[in-house]
Amino acid sequence: MTSAPLAARLSEVPGPLFFPVTAYGPDGTVDLDVFRAHVRAGIDSGAAAVFACCGTGEFHALTREEFRLVVAAAVGETAGQIPVVAGAGYGTALAVQYARTAEEAGADGLLAMPPYLVVADQEGLLNHYAALAAATGLETIVYQRDNAVFTPETVVALARTPGIIGLKDGYGDLDLMQRIVSAVRTQLPGDAFLYFNGLPTAELTGLAYRGIGVTLYSSAVFAFAPDIALAFHRALASGDDDLVNGLLDHFYRPLVELRAKGRGYAVSLVKAGVRLQGLDVGEVRTPLTEPPAAHVKDLIEIIAGGRALLAERASERGQA
């Protein structure tokens, strides 16, 4: 059942949810100093929460010891200013181990990613997430995507499960999400179950998700262009449709079209973007690969286009 403190801290957030990349040094090992600098830059830019070692943070590529060190570094850098949520995945036994490691490292909550490889029925999925939620005292957000897609009835059961506070949707079926929201609202009236838009570039579908009452979203863009991500977040929240549509047309749509040109770009393109801002977070680990120079050049131009739009808007306001 939904409870404080994490659920309350995430219910109304003043900025984007930050999914930092995991930094690697020249030898390929985790670089905690650079990672801390990355997290600090996100905090200083207005992040509302840090989601460490999740999809953008290459959870799949980390050993459990590396995972522990990175989560602990995020917790140390935030120092309680904003919550830290850690990823947890694989089969039930391993997911429980990662969850307990995250708790030991000081995380405030878990983002429970789909089980590894297997395609389970609804009962099996419910049992998996219930066991994960019961394994620690951490509040858990369940990530819907790929091989973990839920019926409205299953989400109602998840919302009734102690320790599970929300659903992050990375599947993108708005009809299904509307039915999920409706089912939880009618069967658990008054329950503050949380919903997150978790699509790879969530801003592109922000207007659509807000239409069904989902206002929280993960922002990969915040990792490499926090000024653009924060401007969009504020414009969306305040109803500044001109700026929202301008950024959609001239930044987010081109970015999504670029992201579609390569496999794994939801991670490797973000990491390239962070490096472009002057912080050497290293390359992605295999099996992911780096984008070619031509695509990095396209990314540079897309970022420049977004910032030019913000500068134009600032100039117009200064003249008003």
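The values are calculated or read from the model by the stated rules, or taken from the named source; none is laboratory data. What you see is a predicted model; the values in this text were computed from it and never measured. Here the Cβ positions follow ideal geometry from the backbone for every residue, glycine too, while neighbour counts run over all protein chains shown. We work out accessible area using only protein heavy atoms, side chains counted, and drop any ligands, DNA or RNA first. Shrake-Rupley method; radii C 1.70, N 1.55, O 1.52, S 1.80 Å.
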Select from region 151-176 the residues that are under 18 Å from the mean Cα position of the chain (by Cα), within 17 Å of residue 202 (Cα to Cα) and of a type in the set (A, V, I, L, M, F, W, C) and list them in ascending order. 167
Of the residues 110, 125, which is assigned to a strand (DSSP E or B), among the hydrophobic types (A, V, I, L, M, F, W, C) and open to solvent by less than 30 Å² (accessible area, probe 1.4 Å)? 110
Is at least one residue of region 274-292 in a helix (DSSP H, G or I) and out of contact with any Phe, Trp or Tyr (no Cβ under 9 Å at 6 or more places or on another chain)? no
Looking at (1) under 25 Å from residue 170 (Cβ atoms); (2) over 15 Å from the mean Cα position of the chain (by Cα), can you tell me which one residue 39 breaks? (2)
Filter region 4-29 down to residues that are of a type in the set (Val, Ile, Thr) and under 25 Å from residue 65 (Cα atoms) and give me whichever is nearest to the chain's Cα centre (by Cα). 21
Can we say residue 103 is touching a helix residue (DSSP H, G or I) at 6+ places or on another chain (Cβ under 8 Å), open to solvent by 40 Å² or more (accessible area, probe 1.4 Å) and either more than 24 Å from residue 48 (Cα to Cα) or assigned to a helix (DSSP H, G or I) (or both)? no
Listed residues 84, 71; which is open to solvent by less than 10 Å² (accessible area, probe 1.4 Å), farther than 20 Å from residue 282 by Cβ and without any contact (Cβ under 8 Å) to a residue 40 or more places away in the chain? 84
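Listed here are the residues, each with its yes/no results for (1) under 21 Å from residue 121 (Cβ atoms); (2) part of a loop (DSSP other than H, G, I, E, B); (3) of a type in the set (Ser, Thr, Tyr); (4) modelled with pLDDT of 95 or more.
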{"position": "153", "(1), (2), (3), (4)": "yes, no, no, yes"}
{"position": "157", "(1), (2), (3), (4)": "yes, no, no, yes"}
{"position": "162", "(1), (2), (3), (4)": "no, yes, no, yes"}
{"position": "183", "(1), (2), (3), (4)": "yes, no, no, yes"}
{"position": "196", "(1), (2), (3), (4)": "no, no, no, yes"}
{"position": "205", "(1), (2), (3), (4)": "no, no, yes, yes"}
Answer yes or no as to whether residue 110 is without any contact (Cβ under 8 Å) to a residue 40 or more places away in the chain and in contact with a strand residue (DSSP E or B) (Cβ under 8 Å, 6 or more places away or on another chain). yes
Criterion: closer than 21 Å to residue 39 by Cα, touching a residue at least 24 places away in the same chain (Cβ under 8 Å) and within 18 Å of the chain's Cα centre (by Cα) - qualifying residue of 202, 223: 223
